[in-house]
Amino acid sequence: MLKRAIPLLLSLTLLTGCWGTKDIDHVVYVHAMGVDYKDHKFIVYVQFINFTGLAKTNAGGGQQRVDTAVGKATGETFNIVTDNIYPSIQQMVSWGQIKGIVFTERALKAKPVKDVLDLIDRYNEIRHTLWVYATKEPLDKLFSTVPLLQASVYFSLLGNPEDIFQQSSFIRPIRLNRFESDLNEPGKTARVPYLGISEKTWEENHQKKPMLTLSGICFMRQHEVQKCFNRSKIMGIRWVEEKISRTPIYIKKGKRVVASVVVLGPKAKIAYKMNKGTPEFTVELKVQGSIIEVLQPLTEKELIDLAQKTIEKEIKDLYELGRKYDIDMLNLSEILYRENPAAWKRITVDKALPLKKDTLKDVKVKLSISTSGERKFTK
């Protein structure tokens with residue numbers, strides 16, 4: 001009798017480990033967090049997500065709307081604010097599924113950013129792989145924007161930017177650990193994607209549908225935002241960014257677009273030479289392109305020449321824009337710091353490389369066409 005009872009007692013002991021768990025619908029999960037800062041106080045928004053409907057969809061139960069809610073709290077410190085969320089929520093809150101954090105432009109300052117990063121570093125439930133964004137939009141409006149066709153915000157741009165980036169590479173998303181590293185790297189300018197809301201592009205059920213969009217980049221140095229730019233102003237950033245897989249260029253002859261080329265996997269190399277104690281940089285870029293459309297008769301040589309000049313101009317325009325606002329958009333300072341720290345210390349002012357007219361000496365682009373489709377070039 002005793003021998004029969006022992007396995008039963010052991011099984012009951014093993015099952016006791018599950019008694020303290022919570023059902024998925026008894027917990028609210030923070031999907032994204034927004035940080036604002038005004039009058040020396042933090043204003044934090046949290047976007048909650050209910051995973052019950054998502055679980056049914058993944059199990060083959062058909063499309064189901066996954067409900068979201070947005071909360072807001074204020075406080076003197078970032079920790080006080082997050083604690084102020086709990087009293088009114090009426091359910092257990094889990095931070096383990098948070099996918100993104102969004103800073104307003106006025107929150108991208110030394111104290112707010114350092115306070116947020118310090119708390120996250122100490123709080124082991126939040127992973128350091130969440131995505132970091134900036135925005136100029138009201139955070140409550142931003143978090144109330146949901147994807148098309150009743151899809152869950154779990155699949156929105158806030159938590160899953162990589163698929164979009166692979167299909168159309170322009171503004172590289174950045175994770176929290178990379179963001180921290182860039183902020184603390186001597187001589188480096190951090191690039192933070194900023195989110196906007198597109199009000200005019202989409203309709204759903206004959207009604208305007210606001211959608212999240214990557215509108216541009218905010219540049220930061222030494223934990224302070226320098227300036228944010230719309231993507232149309234910084235077209236050249238894609239040629240010096242990492243892991244760009246696919247990006248289109250529209251080639252003009254005069255003021256008219258004459259061809260479209262998709263560039264695959266551009267590889268940029270930035271080198272420098274010292275000239276009378278001053279560094280002069282050269283950007284060399286090798287790219288492969290696939291022709292999408294040709295709107296006017298062009299030879300292959302003409303098309304390649306026009307495409308190379310288009311890319312060269314975008315890089316030079318980017319440098320000149322940075323020089324205008326004293327922002328090292330190409331991260332030339334980091335190149336010098338890594339290869340010649342002694343020269344970097346001697347030349348830089350407050351750890352920033354002075355950007356002169358001849359600091360960017362040359363831009364060289366070599367484009368090869370991998371495919372032009374069935375139609376041939378003119379001779």
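Convex hull of alpha carbon positions in the chain: directionally averaged projected area 28.6 nm². From the Cα gyration tensor of the range 178-225, with a ≥ b ≥ c the square roots of its eigenvalues, which class applies: rounded if a/c is under 1.5, or else prolate if a/b is larger than b/c, or else oblate? It comes out prolate by the Cα gyration axes. Distance from the C-alpha centroid of the range 119-164 to that of the range 199-269: 19 Å, rounded to the whole angstrom.
Go through LYS267/LYS309; LYS99/LYS141; LYS99/LYS286; LYS316/LYS356; LYS324/LYS361; LYS252/LYS356 and tell me which ones have a Cα-Cα distance over 24 Å in this structure. Exceeds cut-off: LYS99/LYS286; LYS252/LYS356. Between the listed residues TYR337, TYR123, ILE304, the Cα displaced farthest toward the positive end of the dipole of the chain, a dipole computed from Cβ unit charges relative to the Cα centre, is found at ILE304.
The 1.4 Å probe gives accessible areas that order TYR319, TYR325, largest first, as TYR325, TYR319. The solvent-accessible area of GLU76, taken with every protein chain present and a 1.4 Å probe, is close to 130 Å². Per-residue SASA remark: SER232, around 80 Å² accessible (1.4 Å probe; ligands, DNA and RNA not included).
Based on alpha-carbon positions alone, could you give the equivalent ellipsoid semi-axes of the range 217-335 from the gyration tensor, as √(5λ), descending, whole Å?
After diagonalising the Cα gyration tensor, the semi-axes are 29, 17, 13 Å.
Taking 7 Å steps out from each Cα toward its Cβ at ALA271 and GLU199 produces label points 5.1 nm apart.
Rank-order 194-206, 133-145 by packing density, defined as the average count of other C-beta atoms within 10 Å over each peptide's residues, highest first.
Ranking, from highest mean packing down: 133-145, 194-206.
Based on DSSP H segments of at least four residues, each scored -39500 (n - 2.57), the chain has a per-residue ellipticity at 222 nm of -8000 deg cm²/dmol. Taking Cα centre as origin and charging only the Cβ of basic (Lys, Arg, +1) and acidic (Asp, Glu, -1) residues, the dipole magnitude of the chain rounds to 1220 debye. Largest GNM mean-square fluctuation among TYR86, TYR272, TYR45, using the chain with Cα springs under 10 Å: TYR86.
Each Lys and Arg adds +1 at its Cβ and each Asp and Glu adds -1 at its Cβ; summed about the Cα centre, the range 278-379 shows a dipole of about 200 debye.
The values are calculated or read from the model by the stated rules, or taken from the named source; none is laboratory data. Bear in mind that the values here come from a model prediction, so they are computed numbers and not experimental data. Don't worry about glycine lacking a Cβ; one is built from the backbone with ideal geometry, like all the others, and counts go over all protein chains shown. These accessible areas exclude ligands, DNA and RNA; they are computed on the full protein's heavy atoms, side chains included. Shrake-Rupley method; radii C 1.70, N 1.55, O 1.52, S 1.80 Å.
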